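A.B. asks: Below are the structure tokens for one structure; questions will follow.
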Amino acid sequence: MIEDRNKIATWMMAKGYATGHGDTIEDLLNELEWQVEEREREACAKVCEEMRPSKPEYDRRFYDGCSFSAAAIRARGQA
């Protein structure tokens, strides 16, 4: 079991994930799940921001909608 836990921890670190206080395989997998979800939320929020017009004056409602969407996506990680 310790060998398996170490393999998972090594893989996580190699992929840029933190292992937290992963005393068990389940702890490591829970930590990994949280980090993957966080990265996915951030990627989605960035897509919303990239869709905003370069200047809000071009289409204020679309600009605001993209900004609000990005903020809402990020807020889900805070709940």
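The values are calculated or read from the model by the stated rules, or taken from the named source; none is laboratory data. Fair warning: this is a prediction, and the values are worked out from it, not measured in the lab. Glycine gets a Cβ as well: all are built from the backbone with ideal geometry, and neighbour counts include every protein chain shown. Each accessible area value is taken on the protein alone, full model and side chains, heavy atoms only, with ligands, DNA and RNA left out. Shrake-Rupley method; radii C 1.70, N 1.55, O 1.52, S 1.80 Å.
A.B. asks: Just give me the residues in segment 33-79 being of a type in the set (Phe, Trp, Tyr) and at pLDDT below 95, in sequence order.
C.D. replies: Across segment 33-79, the qualifying residues are TRP34, TYR58, PHE62, TYR63.
A.B. asks: So for segment 18-27 (the condition being of a type in the set (Gly, Ala, Ser) and more than 21 Å from the chain's Cα centre (by Cα)), does at least one residue qualify?
C.D. replies: Scanning segment 18-27, I find no residue that is of a type in the set (Gly, Ala, Ser) and more than 21 Å from the chain's Cα centre (by Cα), so the answer is no.
A.B. asks: In addition: Write out, first by first residue and then by second, each pair whose Cβ atoms fall under 6 Å of each other, whose residues are 6+ apart or on separate chains, and whose first residue, in segment 49-73, is under 18 Å from GLU38 (Cα atoms) while the second is among the small types (Gly, Ala, Ser) and surrounded by 13 or more Cβ atoms within 10 Å (Cβ to Cβ).
C.D. replies: These pairs meet every condition: GLU49/ALA70; ALA70/ALA45; ILE73/ALA45.
A.B. asks: Under 9 Å between Cβ atoms, at least 6 apart or on separate chains: pull out the pairs that start in segment 1-17 with a residue that is within 13 Å of ASP27 (Cβ to Cβ) and end on any residue that is among the hydroxyl-bearing types (Ser, Thr, Tyr) and open to solvent by less than 50 Å² (accessible area, probe 1.4 Å).
C.D. replies: ILE8/THR19; ALA9/THR19; MET12/THR19
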